[in-house]
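See below for the structure under consideration.
Values in this text are rule-based calculations from the coordinates and carry no lab data. Everything quoted here is computed from the prediction, not taken from an experiment. As a convention, Cβ positions derive from the backbone with ideal geometry for all residues, glycine included, and neighbour counts pool all protein chains shown.
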Amino acid sequence: MNTQFKLIFTTCENEQEAKVLATALVKRQQAACVNILPKVTSIYMWEQALVESQEVKLLIKTKAEKLNDVFDTIKSLHSYEVPEIQVVDVSTGNLAYFNWMDEVLS
């Protein structure tokens, strides 16, 4: 069973960019909450080179109806040419938390 709630993952180059993005998402009522997890080590291929970098992970909590707005905000404020945007369906959770999210995002 899936709910209408979604968890979006993205990474940012640094904490300053992460805070700007998180603040914009919450102020625009596109996300109920954004967790910022500093100092994540990422290893990936970019332009045929192996890259290891320190990034900041964001966990964005939102609803299905807000996804396109969240995508647009991430793409417009992000410094990366190809920002990570991965969406996870939330299947179950604390009903009181979901009620709070509904209230904040309406």
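Can you pull out the helices (runs of 4 or more DSSP H) entirely within the range 10-106 that have at least 2 residues that are surrounded by fewer than 18 Cβ atoms within 10 Å (Cβ to Cβ), in contact with a Ser or Thr (Cβ under 7 Å, 6 or more places away or on another chain) and without any contact (Cβ under 8 Å) to a residue 12 or more places away in the chain? I'd like the intermediate steps shown before the answer.
Details: elements: 15-27, 67-77, 95-105.
Counting at least 2 such residues, we get no helices (runs of 4 or more DSSP H) at all.
Would it be correct to say that V26 is closer than 27 Å to F98 by Cβ and either under 11 Å from the mean Cα position of the chain (by Cα) or not polar (S, T, N, Q) (or both)? So V26 fits the description; yes.
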